[in-house]
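The structure appears below as structure tokens.
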Amino acid sequence: MGTALAVAVAIKGTGAVAACAAAAGALLLPHARARAVAALVALALTPVLLVGDLWDSPQIAHLRDRPAFAAAAIVAGLIVVAALAALLRRHPWLLPPLAVFTLPFRIPLESGGQSANLLIPLYVVVAAGVLAYAWNRLVGRRADTAGNGAGDPGPWRDPAPGRVEIALALFVVLYALQSLYSSDFETALKNVAFFYVPFMLLLRLLTSVHWSRRVVYACSGVALGLALLFAAIGFVEYATRHIFWNQKVIAANEFESYFRVNSLFFDPNIYGRFLALVMIGLACTLLWPRRTRSVALTSGGLALLWAAIILTFSQSSFAALLTGLAVLAALRWSWRPVGAAVGAVAVIGLAVVLLAPGIVHLDLKSSHSIDKASSGRFDLMRGGLSMFADRPFEGFGSGAFAERFRSREKVGSREAASASHTIPITVAAEQGIVGLAAYVFVLVAAFALLFRGLGALRGRAPPLRLVSRAYLAAAFTALVLHTLLYAAFLEDPITWTLIAAAIVLSRAEPSALRSSTRAEPARTRSSWS
């Protein structure tokens, strides 16, 4: 029995590494045809890993007991993916709005006694996009076989990878390799199959299509529409005192003096994160208004979303929103007054905690009080740092934080810990200095890309391209801050979408456009002015 289990883990581990390597190849290989083949390989391996992981789940067991129904469901799914692929092959510009539309929607599935909330609608879009991309590269007459800009690349583009793509690929492949010695390989496999491989393919697709003014407006409109819809559902939850799902939130609302809502999201904090990112976008349009009559509508939308985010009672989301707004203010005016204001607030907050902790119901002499004030994060962070101190170089293996924390702290509940709620500590505990260096490389490369050339924003009428990049920089900064207080960095497709948009828009600089006149018609160049 033990030998069979070891063999099964070895096979799954090899498949996880192969899938991550193929997805990395879709980003980094030098030739367009090779990238297309790598994307297809990653796409084929991912459902195999998913089915293997979910094989004993109630959903898969139900399908195994009804083979005819399972076959019909598979055929129907393939038809949907094929039809969407045909649409995207003809109209690749639809890919970004469709991706944005499907980002928030998760479908719960049981796996190993735990609930996994899968982004199945997004997976469908990614699968269809990969098929459309591969068709263009492998079959289409205008496929750019050299992958270096020679000839007409058609509706799909394959720019040379930058440091961000290299950093992301390195982190994901390293994560898969370090899962091979993890004490909780199943969790690592979930992250690889559910998040990292599909999201790397999503990055490949989003950076391979042209983002015109129409695409940017479509993505913004879809995100705002979803935020308003989710806010309306959240208001209904608050009015009726009825939460649709997440038993943990339902139970907490029974004992707390306040009532938290999560709308259609599983977690109020992730719901709050989504609202905060959309609100940063609305604030961006107020700081650089392009139409005076839209100011009133934008202000009204901000007011509604502010009321919605309050009902999440998510402190991390409030902090992320304020961080994003501070970045926008610094880009609009100057870093100095914004930095001074942030520093003053930090000093006042620290003074209150040190001199009058009773005001915030905090006892600095009690670790239990600190842990309660931080919603359990203090003990998780302390445990994560202890794990890192024990294995500073290689860590305990990808995905091992929760299992090792429960074992070391003698905690029996599976829900007691899923991560340290501080991404750098989780990475350090699981992957050691090696993984932490890869994580820092991702952050440095992403921030360097996002903030490059944004000094011109202090003008009164910057082009839409720069305003869009200002939003991306502020939103990504807010998201990173949220991951330091909550969790889910590269496990959130929004992270990859923001990075992909930044890669595309950074390529749209006037100097770059002038150097590629053949590939970009004049009307495209002027659309970003």
- Report yes if V434 is assigned to a helix (DSSP H, G or I) and modelled with pLDDT of 90 or more, otherwise no. yes
- Item | Only one of P521, P510 that is of a type outside the set (D, E), touching a Phe, Trp or Tyr at 6+ places or on another chain (Cβ under 9 Å), at pLDDT below 90 and open to solvent by 10 Å² or more (accessible area, probe 1.4 Å) | P510
- Which one is modelled with the lowest pLDDT, of the residues in the range 225-277 that are open to solvent by 70 Å² or more (accessible area, probe 1.4 Å) and of a type in the set (V, I, T)? T240
- Query: Which of the residues belonging to the range 326-340 are out of contact with any helix residue (DSSP H, G or I) (no Cβ under 6 Å at 6 or more places or on another chain) and either without any contact (Cβ under 8 Å) to a residue 12 or more places away in the chain or within 30 Å of I233 (Cβ to Cβ) (or both)?
  - Reply: W335, R336, P337, G339, A340
- Query: Do we find a residue being of a type in the set (D, E, K, R) and surrounded by 15 or more Cβ atoms within 10 Å (Cβ to Cβ) anywhere in the range 82-101?
  - Reply: yes
- Query: Within the range 265-283, is there a residue that is farther than 22 Å from P104 by Cα and either aromatic (F, W, Y) or part of a helix (DSSP H, G or I) (or both)?
  - Reply: no
- Message: Contact list please: Cβ distance under 8 Å, first residue in the range 313-325 and aromatic (F, W, Y), second residue outside any helix (DSSP H, G or I), pairs at least six apart or on different chains.
- Response: F313/Y258; F313/R260
- Would you point out the residue of the range 306-315, among those that are surrounded by 24 or more Cβ atoms within 10 Å (Cβ to Cβ) and assigned to a helix (DSSP H, G or I), that is nearest to the chain's Cα centre (by Cα)? I309
- Note on the structure: Of the residues in the range 478-490 that are open to solvent by 10 Å² or more (accessible area, probe 1.4 Å) and at pLDDT 90 or above, the one that is nearest to L206 (Cα to Cα) is V480
- Kindly list the number of the only condition in (1) farther than 29 Å from A223 by Cβ; (2) at pLDDT 95 or above that fails for L98. (1)
- Residue among F396, F441 that is open to solvent by less than 30 Å² (accessible area, probe 1.4 Å), at pLDDT 90 or above, in contact with a Phe, Trp or Tyr (Cβ under 9 Å, 6 or more places away or on another chain) and not β-branched (V, I, T): F396
- Checked the range 12-39 for anything more than 18 Å from V172 (Cβ to Cβ) and open to solvent by 60 Å² or more (accessible area, probe 1.4 Å); matches are P30, H31, R33, V37
- Query: Name the pairs: first residue in the range 422-444 and over 19 Å from Y181 (Cβ atoms), second residue outside any helix (DSSP H, G or I) and open to solvent by less than 20 Å² (accessible area, probe 1.4 Å), Cβ to Cβ under 7 Å, at least 6 apart or on different chains?
  - Reply: I423/A487; I423/F489
- Counting only helices (runs of 4 or more DSSP H) entirely within the range 161-217, those with at least 3 residues that are free of Cβ contacts under 8 Å to residues at least 12 places away in the same chain and more than 23 Å from V125 (Cα to Cα) are none
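The values are calculated or read from the model by the stated rules, or taken from the named source; none is laboratory data. Source: prediction; values computed, not measured. Neighbour counts run over all protein chains shown; Cβ positions are idealised from the backbone, glycine included. Remember, those area values only see protein heavy atoms, side chains included, never the ligands or the DNA or RNA. Shrake-Rupley method; radii C 1.70, N 1.55, O 1.52, S 1.80 Å.
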